Every structure is written in C-alpha cells, then in structure tokens.
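Worksheet: one structure, shown below.
The values are calculated or read from the model by the stated rules, or taken from the named source; none is laboratory data. Because the structure is predicted, anything quoted here is derived from the model rather than measured. Cβ sites come from the backbone with ideal geometry, for glycine too, and all protein chains shown count toward neighbours.
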C-alpha cells in the first residue's frame, strides 16, 4: 500500500486553486483590494523608520467565504476582523498579506502573470518597485 504524502489541507488547497478562476481574483482585487506601503517612526530600526508592505482585500463579514477562498488560493496571509460600531449591521474583514517572502514569492508573481486592466496596474507596479521586485 502506498501512502499519500499530501495532507488533507494540501489536497483541498490544490482543489481550491483548480476551482477558483485567477481572473475572478484579479477582478475582485481590482474592486476591493489594495497594495500599500507605509513608513513610520520606529526607534528599534537602524534608520529610525520602519516600512510595512501590505496586500489587503476588504469585504463585509457576510462575504467571508470569498476572502477565505482567496486566502486558500494563495496559501498565505490572515483574515482579520475590523469591528464596526457605527450604523452598519456587520463588521468588515481584511485579508492581509504582510510577510515579504509571501508577497515576493506568491502575490507579486500572480499579479505579474494576471495583469490588471485598470489603473490598479500602475499602483501594483509602484508597490513592486518599492518592494524591490
């Protein structure tokens, strides 16, 4: 008997990638995502400043499955809840990738292969330049 070297999670991730259309992700990110670079003071850094790179997709918590599908597709990042205390009846969720290795090895190559058809492409290119890829 031959044992599979893939875990159940690996198999479901492979299946998810097969089912989720990459162009759907591009369109979704075009409308609900951003690539951001933030610099702020941090005394623990040699220069006195820290730079944070983020790929973020935001969605209302009723659409959590869409963010989970994107997270599963890329196999990295986390989903965070942004609790709302205003007149909305539901919270916001943020799928966020900050780890530079994940950005450079997963997120950037995906969007270099599957290009945006809008000004989001220019924002992505600026992000890549600042990230050094």
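Scanning segment 28-47 for residues that are surrounded by fewer than 14 Cβ atoms within 10 Å (Cβ to Cβ), closer than 22 Å to residue 112 by Cβ and without any contact (Cβ under 8 Å) to a residue 40 or more places away in the chain yields one hit, 31. Those residues that are surrounded by 13 or more Cβ atoms within 10 Å (Cβ to Cβ), over 18 Å from residue 32 (Cα atoms) and at pLDDT below 95, I need them from segment 48-83; list them, please. Matches in segment 48-83: 50, 51. Set side by side, the residues 19, 13, 94 differ, and just one is within 27 Å of residue 116 (Cα to Cα) and at pLDDT 90 or above, which is 94. Scanning segment 109-127 for residues that are in a helix (DSSP H, G or I) and touching a helix residue (DSSP H, G or I) at 6+ places or on another chain (Cβ under 6 Å), we see that the one that is farthest from residue 36 (Cα to Cα) is 111.
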